[in-house]
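Novice: Below you will find the structure I want to go over with you.
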């Protein structure tokens, strides 16, 4: 059967009336730019000309926050990198326990791990250190404890665009869930962590008032510094006090049995590269290089750097500063020393390499007022003056640097109690005669007594740019009915060799506490129930590749819901016959086809079928077809040549099942 494209007026002549109420949705498909914008995009985009699909950013863009340890106050602060607003301040350990945080490292989910340098006390039969994880919440409304709107309220009320914090109300029968997240409002609003009776001395967060503090874990490494995220989103820790290292589970936050080791080195700043090798600096006999897959490692000494660590996301080369001497070193992935370059000052601490081949060196707490800038080939560009070109604020003592979601550089300044954002595109032209040196375009005051001695991956750029190159899209779907039995998640993707699309779900009736994420397979049935389904798609590629997977659409369906699945037309050429195929229809049942030039929403009442909402506007009626005994519909249709280069939308309706298929957007050649 051949089908030609009818004008939208044909809808009425065939008994389809526009404007009727639609039935409750049994599935939801995300496929247009507007659909994807309902979620949170991290290092993925649907930019023109590649609209209505998701692909990885060319340069890594982590969550738009920087997390800075206010070491002298025993807290960390989360800063919005776009506005400079401080969104929260959080204690890093319970009362009575050692704090003095210094390294903050952001995981793949946007949570921040922080190590407590001052902890080496007795726990579980031995002296141990500690780390803490603080969750991330985006969106919501400030309310009081009763849920009433209050801009100064201590609680956040859903819906949230994104949330990893946990509502701890409901932990006991006498403490029912309140559906809110109690958390800091900003700088100085530090919630108590009383630790009455020492109940959290050995770990746990039961007495932490701030519900974004989600883990406090005692670790074998005392006076811990190292916190480094691996490709599986687990965290490696290391202690400068005893040089012990071990891995913590990224889900539970607890030590993984059998991973503890001590090679007499490392325990300072650290990172995990794309080959699952842990690098941990400075302690004992020097730099640790530990292959976590093989379980073997060695000390590399102090000959190729002795302090801060960074990694080039393009090459995987590791950069390490020398505290004194004015140079920074480059190591090959196998640990051999490649080169040593000057960086523009006599001392240095943290170092970061951005996605465009630029290296940034924090010139240390010894009264420095600059950040060094060079290229990855060793070309010295110049020193960024820590003077805000807008406000005139000054910075002193940069200890750490990190790359943010916009490719700008953040420096934490211990002596001036502030953090500064550097725009690499500003400032005078550097020593190569081409490249701007960079200039400070924002300053964030961290308050008196902050003492931000901070480096490591405080934005998450390393974790999702070098360790496991990836981007994510996360959206919360509301089915509208408690206890909805979800059955499948399916998607259309293009995954060239070395790339992947992974989808995870969290489902429950309480949008604040959805539980642990579960990976699902494309179109494979599962059984979980709840009103809300958080869908997370992770697009990734192997380190060193520049190709991206593509996610074209994603559909979630309830059990007993719509199984109708519409594929892309083939061969996808205008001016010839294309084959449209749908699967999952009612065997031998009637299926109606629709097309349009426009995404949007159109309500239709279909005589004999019911009321529905098409995910398109100004639709054409393509015809009525019948499935075969397996539920497959195959329709050849002439695609007029005039549609070459145009993106068209298609959707099918299974009358017997009473459901709509996914929406297909296709650009004909």
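Novice: State all residues of the stretch 38-73 that are over 18 Å from residue 412 (Cα atoms) and more than 15 Å from the chain's Cα centre (by Cα); if no residue qualifies, say none.
Specialist: If the condition is that a residue be over 18 Å from residue 412 (Cα atoms) and more than 15 Å from the chain's Cα centre (by Cα), then 38, 46, 47, 48, 49, 50, 51, 52, 53, 58 are the ones that fit.
Novice: Looking only at the stretch 550-599, how many residues end up being part of a strand (DSSP E or B), more than 25 Å from residue 527 (Cβ to Cβ) and in contact with a helix residue (DSSP H, G or I) (Cβ under 9 Å, 6 or more places away or on another chain)?
Specialist: Summing the residues that are part of a strand (DSSP E or B), more than 25 Å from residue 527 (Cβ to Cβ) and in contact with a helix residue (DSSP H, G or I) (Cβ under 9 Å, 6 or more places away or on another chain) in the stretch 550-599 gives 3.
Novice: Also: How many of the residues in the stretch 186-233 are at positive phi and out of contact with any strand residue (DSSP E or B) (no Cβ under 7 Å at 6 or more places or on another chain)? Break it down into steps so the answer makes sense when it comes.
Specialist: Here is the first cut: in the stretch 186-233, the ones at positive phi are 186, 188, 195, 197-198, 203-204, 223, 233.
Imposing the further condition that a residue be out of contact with any strand residue (DSSP E or B) (no Cβ under 7 Å at 6 or more places or on another chain) reduces the set to 195, 197-198, 233.
Going through the stretch 186-233 one residue at a time, the tally reaches 4.
Novice: Which one of these is within 21 Å of residue 334 (Cβ to Cβ), under 22 Å from the mean Cα position of the chain (by Cα) and crowded, with 23+ Cβ neighbours inside 10 Å: 274, 266, 310? Talk me through it step by step, then tell me what you get.
Specialist: Numbers: 274 fails: crowded, with 23+ Cβ neighbours inside 10 Å; 266 fails: under 22 Å from the mean Cα position of the chain (by Cα).
Result: 310 is the single residue among 274, 266, 310 that is within 21 Å of residue 334 (Cβ to Cβ), under 22 Å from the mean Cα position of the chain (by Cα) and crowded, with 23+ Cβ neighbours inside 10 Å.
Novice: Okay, next question. Hey, can you tell me all the residues within the stretch 635-651 that are closer than 25 Å to residue 50 by Cβ and in a strand (DSSP E or B)?
Specialist: Our first condition is that a residue be closer than 25 Å to residue 50 by Cβ; within the stretch 635-651, this holds for 639-651.
Correct list: 639, 647, 648, 649, 650, 651.
Novice: Now, a different point. Considering (1) in a strand (DSSP E or B); (2) over 24 Å from residue 154 (Cα atoms), say which one residue 97 fails and leave the rest.
Specialist: Among (1) in a strand (DSSP E or B); (2) over 24 Å from residue 154 (Cα atoms), the lone unmet condition for residue 97 is (1).
Novice: Among the residues of the stretch 647-664, is any surrounded by fewer than 19 Cβ atoms within 10 Å (Cβ to Cβ) and modelled with pLDDT of 90 or more?
Specialist: Checking the stretch 647-664: not a single residue is surrounded by fewer than 19 Cβ atoms within 10 Å (Cβ to Cβ) and modelled with pLDDT of 90 or more.
Novice: Consider the stretch 28-48. How many of its residues are touching a strand residue (DSSP E or B) at 6+ places or on another chain (Cβ under 9 Å), free of Cβ contacts under 8 Å to residues at least 24 places away in the same chain and in a loop (DSSP other than H, G, I, E, B)?
Specialist: Of the residues in that region, 2 qualify.
Novice: Only one of (1) closer than 26 Å to residue 63 by Cβ; (2) touching a strand residue (DSSP E or B) at 6+ places or on another chain (Cβ under 8 Å); (3) at pLDDT 95 or above fails for residue 179. Which number is that?
Specialist: (3)
Novice: Check 335, 355, 344 and return the single one that is in contact with a helix residue (DSSP H, G or I) (Cβ under 9 Å, 6 or more places away or on another chain), at pLDDT 95 or above and surrounded by fewer than 24 Cβ atoms within 10 Å (Cβ to Cβ). Before you say what the answer is, go through the steps one by one.
Specialist: Values: 335 fails: in contact with a helix residue (DSSP H, G or I) (Cβ under 9 Å, 6 or more places away or on another chain); 344 fails: in contact with a helix residue (DSSP H, G or I) (Cβ under 9 Å, 6 or more places away or on another chain).
Going through 335, 355, 344 in turn, just one is in contact with a helix residue (DSSP H, G or I) (Cβ under 9 Å, 6 or more places away or on another chain), at pLDDT 95 or above and surrounded by fewer than 24 Cβ atoms within 10 Å (Cβ to Cβ): 355.
Novice: Filter the stretch 506-533 down to residues that are surrounded by 20 or more Cβ atoms within 10 Å (Cβ to Cβ) and not in a loop (DSSP other than H, G, I, E, B) and give me whichever is nearest to the chain's Cα centre (by Cα).
Specialist: Among residues in the stretch 506-533 that are surrounded by 20 or more Cβ atoms within 10 Å (Cβ to Cβ) and not in a loop (DSSP other than H, G, I, E, B), the one nearest to the chain's Cα centre (by Cα) is 506.
Novice: From 228, 232, 294, grab the single residue that is in a strand (DSSP E or B) and closer than 20 Å to residue 543 by Cβ.
Specialist: Details: 232 fails: in a strand (DSSP E or B); 294 fails: in a strand (DSSP E or B).
From the options 228, 232, 294, the qualifying one is 228.
Rundown of residues vs (1) surrounded by fewer than 18 Cβ atoms within 10 Å (Cβ to Cβ); (2) at negative phi; (3) at pLDDT below 90; (4) not assigned by TED's automatic domain parsing to the domain that holds residue 51, yes/no style:
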| site | (1), (2), (3), (4) |
| --- | --- |
| 600 | yes, no, yes, yes |
| 613 | yes, yes, yes, yes |
| 616 | no, yes, yes, yes |
| 644 | yes, yes, no, yes |
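The values are calculated or read from the model by the stated rules, or taken from the named source; none is laboratory data. Everything quoted here is computed from the prediction, not taken from an experiment. All Cβ positions, even for glycine, are placed from backbone atoms using ideal geometry, and neighbour counts span all protein chains on display.
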